[in-house]
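Inspection log for the structure reproduced underneath, given as structure tokens.
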Amino acid sequence: MHRQEGQIVSYYDNLRHFLHDLAQPLSTVTGLIDLMLLELDERDKMFQEVQLISQQLEKVMEIVAEIRRMALEAANRDREALAPSQAPLS
């Protein structure tokens, strides 16, 4: 692996690591909010607000997952572009 490829791999590995680190506390908070929803009565005035928080956290988790997917695709594309082409066997 030459230097440029190593830098790209490192960049994408770091990005995926940071996204994973971001997703972990978000998942914890989402789980706690969902538990609150189970314990709240739907007629409780806080139910709507807690439900909104849950919905917004889910959107954030979807965005993080999409960025992770895009980073993986970009890393694969860059690896393919940097890989030496192999001559066909005849």
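State whether one or more residues within the range 32-40 are not aromatic (Phe, Trp, Tyr) and not in a helix (DSSP H, G or I). Looking through the range 32-40, at least one residue is not aromatic (Phe, Trp, Tyr) and not in a helix (DSSP H, G or I).
Just one of the numbered conditions (1) more than 30 Å from Ser10 (Cβ to Cβ); (2) surrounded by 14 or more Cβ atoms within 10 Å (Cβ to Cβ) is not true of Glu39: (2).
Read-outs throughout are calculated quantities, based only on the coordinates presented, and are distinct from any laboratory measurement. Just so you know, these numbers come straight off a predicted model, no measurement behind them. Virtual Cβ from ideal backbone geometry, glycine too; neighbours counted across all protein chains shown.
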